[in-house]
Amino acid sequence: MTLIRRLSTTELPPGEITPRGVFERRRSIIRAGLAGAALGPAHALFASPGASAAAAKLATRPSPMSTMEKPTSYKDATSYNNYYEFGTDKDDPANNAHTLKVSPWKLAVEGEVAKPGVFDIDELLKLAPLEERIYRMRCVEGWSMVIPWVGYPLSELIRRVEPTGNAKYIEFFTLADMAQMPGLSSSVLSWPYVEGLRMDEARHPLTLLTVGLYGEVLPRQNGAPVRVVVPWKYGFKSGKSIVRIRFTEKQPITSWNRAAPHEYGFYSNVNPQVNHPRWSQATERRIGEDGFLQRKRPTLMFNGYAEQVGSLYAGMDLKKSF
Ligand SMILES: Nc1nc2c(c(=O)[nH]1)N[C@H]1C(S)=C(S)[C@@H](COP(=O)(O)O)O[C@H]1N2
Ligand SMILES: [Mo]
């Protein structure tokens, strides 16, 4: 991330690529559905650039929590990624993540819960109805996207494991396997990638246990087969390819906080009034839309989700708890 360098040629937007609108996207989903019908119910050929392999489609229902903004193109959302386990350049995850073995996949839930356990990915997929949630996403580096995620509130899983009275925080652990993840040979972060949320943040209806995007199972570079998405926080709080969730009494030490405590706090709420020590957070560049040299758009408090999440931080000094 920005610990290494702020800008490189790989971070320039792919200006030649015309972002395809929601409408076009919907049409290709319908086409894919028709193609899929001939192949069998579970899989469909997806007629989109970059998605040459058959991708499993997911039945979703729309959510009133979706933004009306135009989604980022599928191509940009799946080729401009941060996933340091596969390298630190934006195109590294798309190029390298094919080695990630997504099946079988188990998610262990442990710590301060009455019902710890291990969930198979197939169980997780059926735990609650899948929704399409179109969220604004803001990376701490200053770029943003609008992504149609597929998942359900993390609270659905939390409810089932019955947290004890001592559960104040939740800690997420990403897979860390040298054999599958070439980026682990770098010491840019401590592995596994660890993230955390306060319990009320984890239970907030916007916090999504995510298994797909654009109506398909998650591509590997986006954190297959299961990740969290926390849209009012900087992107790094949304850990990918999660294998373990732990409920704790103490605030977890996250990988980014450990790497640079003065730059990446535990909360990491999107906040245009609190700058990163090395750059302003007041504006952002929407990938695929805002030109590199053009005027950027203003970043919104809590990434535009202030109405929904503002009360979680009432009375807190957000300059101190950054
Ligand atoms: N395990 C893991 N999760 C991660 C990261 C990472 O390097 N490793 N990068 C984070 C950052 S900085 C961002 S901006 C988002 C990007 O998610 P996306 O590529 O699906 O848009 O993933 C987050 N989750
Ligand atoms: Mo990020």
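When residues of the range 239-254 are filtered for being surrounded by 23 or more Cβ atoms within 10 Å (Cβ to Cβ) and within 21 Å of Leu100 (Cβ to Cβ), how many remain?
Total meeting the criteria: 5.
With the range 125-206 as the region, which strands (runs of 3 or more DSSP E) entirely inside it contain at least 1 residues that are farther than 21 Å from Val243 by Cβ?
It comes to 131-138, 143-153, 194-198.
Select from the range 53-62 the residues that are over 17 Å from Ile134 (Cβ atoms) and in a loop (DSSP other than H, G, I, E, B) and write down the one among them that is modelled with the highest pLDDT.
By that ranking, first place goes to Ala54.
Just the residues that are free of Cβ contacts under 8 Å to residues at least 40 places away in the same chain, among the charged types (D, E, K, R) and more than 12 Å from ligand 1 (Cβ to nearest atom), please, taken from the range 225-263.
Residues satisfying the conditions do not exist here.
Yes/no per residue for (1) among the aromatic types (Phe, Trp, Tyr); (2) in contact (Cβ under 8 Å) with a residue 24 or more places away in the chain; (3) closer than 29 Å to Lys75 by Cα:
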position	(1), (2), (3)
Gly265	no, yes, no
Pro272	no, yes, yes
Arg278	no, yes, no
Glu289	no, yes, yes
Arg295	no, no, yes
Tyr305	yes, yes, yes
Gly310	no, no, no
Lys319	no, yes, no
Phe322	yes, yes, no
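Just one of Ser73, Ser155, Ser103 is hydroxyl-bearing (Ser, Thr, Tyr) and more than 29 Å from Leu189 (Cα to Cα); which is it? Spell out the reasoning first.
On the way: Ser155 fails: more than 29 Å from Leu189 (Cα to Cα); Ser103 fails: more than 29 Å from Leu189 (Cα to Cα).
Within the list Ser73, Ser155, Ser103, the selection yields Ser73.
Considering (1) open to solvent by 20 Å² or more (accessible area, probe 1.4 Å); (2) more than 17 Å from the chain's Cα centre (by Cα); (3) not aromatic (Phe, Trp, Tyr), say which one Ala128 fails and leave the rest.
(1)
Give the residue that is nearest to ligand 2 (Cβ to nearest atom), with candidates limited to residues of the range 63-92 that are farther than 16 Å from Glu132 by Cα and part of a helix (DSSP H, G or I).
Of everything passing the filter in the range 63-92, Tyr84 is nearest to ligand 2 (Cβ to nearest atom).
For residues in the range 150-180 being touching a Phe, Trp or Tyr at 6+ places or on another chain (Cβ under 6 Å) and within 14 Å of ligand 1 (Cβ to nearest atom), which is farthest from Phe302 (Cα to Cα)?
Filtering first and then ranking leaves Ala176.
For a quick check of your reading of the model, give me the residue pairs whose first member lies in the range 174-188 and is open to solvent by 70 Å² or more (accessible area, probe 1.4 Å), whose second is aliphatic (A, V, I, L, M), with beta-carbon atoms closer than 8 Å and at least 6 apart or on different chains.
Met178/Leu184; Ser185/Met178
The values are calculated or read from the model by the stated rules, or taken from the named source; none is laboratory data. Note that this is a predicted model, so its numbers are computed, not measured. Here the Cβ is made from the backbone with ideal geometry for all residues, glycine too, and neighbour counts use every protein chain on show. Surface accessibility is based on the protein's heavy atoms, side chains included, excluding ligands, DNA and RNA. Shrake-Rupley method; radii C 1.70, N 1.55, O 1.52, S 1.80 Å.
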